[in-house]
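Structure, as structure tokens:
The values are calculated or read from the model by the stated rules, or taken from the named source; none is laboratory data. In this text the structure is predicted, and so the values were computed from the model without any measurement. No Cβ is skipped: glycine too gets one built from the backbone with ideal geometry, and neighbour counts run over all protein chains shown.
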Amino acid sequence: MSESVAGHVWKYGDNVNTDVIFPGKYTYTINDPKEMAKHAMEDEDPDFVKKVKAGDIIVAGKNFGCGSSREQAAICLREVGIRAVIAKSFSRIYFRNCINVGLLAVTSAEAADAIQTGDEVTINFAKGLITAPAGTFKFPPLPEMILGIVKAGGLIPYTRKRLGKS
């Protein structure tokens, strides 16, 4: 992964919880990440999986990923091809789950308000810049360790690489 990502936007509102990102009814029956992807955003947006394209970006309001602590809600978005989530704020556990699975999570209330569904957005996470048709928005650049985890594809690949194991 380079230091920036670009994609088309899917926009959602406040309090998008883990049950609508990855329906709770599948929590104990689906373990394969590719199968999880088939149910991403199913309860929030039934057409999402049919229309999403690899590289797309989700933009949302406050408290994205609230609800349970299940990591499937981050995994399914990564596996369906979402490159990043920009939100006004994240549930603390969901934010960490995104990092753990290598999904870029960016907090920017200004960008979340200005960006619209279908916009083409570029996020330079090393410089802390979001570029959209509505303007350029700053966010705190990610710390080097977090960048390393995201670039490696998640915490497990990052740790294996650091330990010299494949």
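Quick look at the numbers
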| read-out | value |
| --- | --- |
| Qualifying residue in the range 131-138 (condition: surrounded by fewer than 21 Cβ atoms within 10 Å (Cβ to Cβ), basic (Lys, Arg) and modelled with pLDDT of 95 or more) | yes |
| Test: residue in the range 73-95 that is under 21 Å from residue 119 (Cβ atoms), modelled with pLDDT of 95 or more, surrounded by fewer than 19 Cβ atoms within 10 Å (Cβ to Cβ) and polar (S, T, N, Q) | yes |
| Test: residue in the range 106-128 that is crowded, with 16+ Cβ neighbours inside 10 Å, more than 18 Å from residue 3 (Cα to Cα), touching a Ser or Thr at 6+ places or on another chain (Cβ under 7 Å) and not aromatic (Phe, Trp, Tyr) | no |
| Pair list, Cβ under 6 Å, 6 or more apart: the range 155-166 residue at negative phi and in a helix (DSSP H, G or I), other residue modelled with pLDDT under 95 and among the aliphatic types (A, V, I, L, M) | 155/149; 158/149; 158/152; 161/152 |
| Any hit, the range 23-33, residues being at pLDDT 95 or above, of a type in the set (A, V, I, L, M) and under 15 Å from the mean Cα position of the chain (by Cα) | no |
| Single condition residue 43 does not satisfy, out of (1) part of a helix (DSSP H, G or I); (2) modelled with pLDDT under 95 | (1) |
| Scan of the range 46-68 for residues that are within 19 Å of residue 107 (Cα to Cα) and assigned to a loop (DSSP other than H, G, I, E, B), ordered by number | 55, 56, 61, 62, 63, 65, 67 |
| Neighbours by Cβ (under 8 Å, 6+ apart or cross-chain): first from the range 133-152, closer than 9 Å to residue 111 by Cβ; second charged (D, E, K, R) | 134/119; 137/110 |
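For every residue, the table says whether it meets (1) under 20 Å from residue 19 (Cα atoms); (2) part of a helix (DSSP H, G or I).
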{"residue": "82", "(1), (2)": "yes, no"}
{"residue": "93", "(1), (2)": "yes, yes"}
{"residue": "100", "(1), (2)": "yes, yes"}
{"residue": "105", "(1), (2)": "yes, no"}
{"residue": "111", "(1), (2)": "no, yes"}
{"residue": "116", "(1), (2)": "no, no"}
{"residue": "122", "(1), (2)": "no, no"}
{"residue": "127", "(1), (2)": "no, no"}
{"residue": "131", "(1), (2)": "no, no"}
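Yes or no, residue by residue, for (1) out of contact with any strand residue (DSSP E or B) (no Cβ under 6 Å at 6 or more places or on another chain); (2) surrounded by 14 or more Cβ atoms within 10 Å (Cβ to Cβ); (3) closer than 20 Å to residue 94 by Cβ; (4) in contact (Cβ under 8 Å) with a residue 60 or more places away in the chain:
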residue	(1), (2), (3), (4)
12	no, yes, yes, no
18	yes, yes, yes, yes
24	yes, yes, yes, no
38	yes, yes, no, no
44	yes, yes, yes, no
